[in-house]
Amino acid sequence: MRVCGVDIKSNEAIICLMTLEQGLFQLPDCRQQRFALLQDKDAESVRKFQFTLQKFLQDYKVSQLVIRERPQKGKFAGGAVGFKIETALQLLPDINVELLSGQQIKDQLSRNPLLIDFKATGLKGFQQTAFETAYAWLHRKE
């Protein structure tokens, strides 16, 4: 099963692809690490963002999208553009989408600590939250 972990920051969906096969985690190479919603004021921009991501997920045969849930209130609350991105992702056809809270991710990481340092994965630093989201979801489904 190929999973795409997503962390939404500002006007971007930061992603990390991950698979779990025979108990081994793998990070497939991919052509893009983030997708931006540049013009959030018109529906056409949101549709274009959604189409681009949908095409990417089809090309890489992703069956599960896991989004790190953002709080709606408080100091770390998500902005309006971030919620548009989240909605566009949740409405993608033929893709299972699930939200994981920060607490659920933290719980899974404490029960199943990473066996390697994140820097050794070869991913960019800004992808760490997306990586942890996919990792936590895959451990939850074991």
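All of the numbers you see were taken from the coordinates with simple rules; none came from a lab. No experiment lies behind these values; they were computed from the predicted model shown. Because the Cβ atoms are built from the backbone with ideal geometry, glycine has one as well, and the counts that use them run over all protein chains shown.
Students often check this: by mean Cβ neighbours within 10 Å, which of 99-107, 8-16, 25-33 ranks highest, and how do the rest follow?
8-16, 99-107, 25-33
Stretched out fully, how many nm does the piece from Lys55 to Gln33 gain, at 0.36 nm a residue minus the Cα gap?
6.5 nm
Counting other beta carbons within 10 Å of each residue's own, what order do Lys61, Lys73, Lys84, Lys48 fall into, fewest first?
In order of increasing Cβ crowding within 10 Å: Lys73, Lys61, Lys48, Lys84.
So what is the relative contact order for the chain, in percent, with contacts set as C-alpha pairs under 8 Å and at least six apart?
That works out to 34 percent.
Could you count how many Lys pairs in the chain have their Cα atoms under 18 Å apart, skipping same-chain pairs fewer than 8 positions apart?
So the count of such lysine pairs works out to 9.
Once phi is turned into ³J(HN,Hα) by the Karplus curve 6.51 cos²θ - 1.76 cosθ + 1.60 with θ = phi - 60°, what whole-Hz value does each residue of the range 55-65 show in order, with x for glycine and proline?
Computed from phi, the couplings for the range 55-65 are 4, 4, 5, 5, 4, 9, 6, 7, 9, 9, 10 Hz.
Assign unit charges at the C-beta atoms only (+1 for Lys and Arg, -1 for Asp and Glu), then state the dipole size of the range 2-140 relative to its Cα centre in Debye, rounded to the nearest 20.
Once rounded to the nearest 20, the dipole reads 260 debye.
With N set to the residue count of the range 2-140, report its C-alpha Rg divided by 2.2 N^0.38 Å to two decimal places.
1.01
Test of understanding: what is the full-extension gain from Arg47 to Leu109, defined as 0.36 nm times their sequence separation minus their Cα-Cα distance?
Gain on extension, Arg47 to Leu109, equals 18.9 nm.
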